[in-house]
1. So which residues in segment 70-89 are among the hydrophobic types (A, V, I, L, M, F, W, C) and either in a helix (DSSP H, G or I) or free of Cβ contacts under 8 Å to residues at least 24 places away in the same chain (or both)?
2. If you take the residues in segment 22-63 that are among the charged types (D, E, K, R) and either in contact (Cβ under 8 Å) with a residue 12 or more places away in the chain or exposed (fewer than 14 other Cβ atoms within 10 Å of the Cβ) (or both), which one is nearest to GLN12 (Cα to Cα)?
Amino acid sequence: MDARAIREVIIQGLQTGAVAEASHVDFHDAFLDGTRDCTIVSLDMDSLAKMELCIAIEVGTGVSLAPEELDRYATLAALVAGIEERSRA
């Protein structure tokens, strides 16, 4: 699975979890293109949003993540790279 497809899955999960940043068109488009990143902490996700993101990742990529594992990744780009790596294993 390529990085753009993973980014699409992440955006869907963030939108499902009602994370405000994900609904901004400028962020959405730039993130999909790989020209914008943000820290996971800055998204200010509650536990439900983290769970929605993890569910979207598992359904969309086959990679299973527990919500607490999201804290291992400083940025969304690092999360994308981690999912790419795990999906190859």
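1. Step one: filter segment 70-89 for residues among the hydrophobic types (A, V, I, L, M, F, W, C), giving 70, 74, 76-81, 83, 89.
Answer for segment 70-89, where residues must be among the hydrophobic types (A, V, I, L, M, F, W, C) and either in a helix (DSSP H, G or I) or free of Cβ contacts under 8 Å to residues at least 24 places away in the same chain (or both): LEU70, LEU76, ALA77, ALA78, LEU79, VAL80, ALA81, ILE83, ALA89.
2. Taking segment 22-63 first, the residues among the charged types (D, E, K, R) are 26, 29, 33, 36-37, 44, 46, 50, 52, 58.
Those left that are additionally either in contact (Cβ under 8 Å) with a residue 12 or more places away in the chain or exposed (fewer than 14 other Cβ atoms within 10 Å of the Cβ) (or both): 26, 29, 33, 37, 44, 46, 50, 52.
On the way: ASP26: 15, ASP29: 13, ASP33: 15, ASP37: 16, ASP44: 16, ASP46: 16, LYS50: 12, GLU52: 9 Å.
If we take residues in segment 22-63 being among the charged types (D, E, K, R) and either in contact (Cβ under 8 Å) with a residue 12 or more places away in the chain or exposed (fewer than 14 other Cβ atoms within 10 Å of the Cβ) (or both), then GLU52 is nearest to GLN12 (Cα to Cα).
Coordinate-derived values only; no laboratory data. It should be emphasised that the depicted structure is a prediction, and the values quoted were computed from it without experimental measurement. Backbone-built Cβ (ideal geometry, glycine too); neighbour counts: all protein chains shown.
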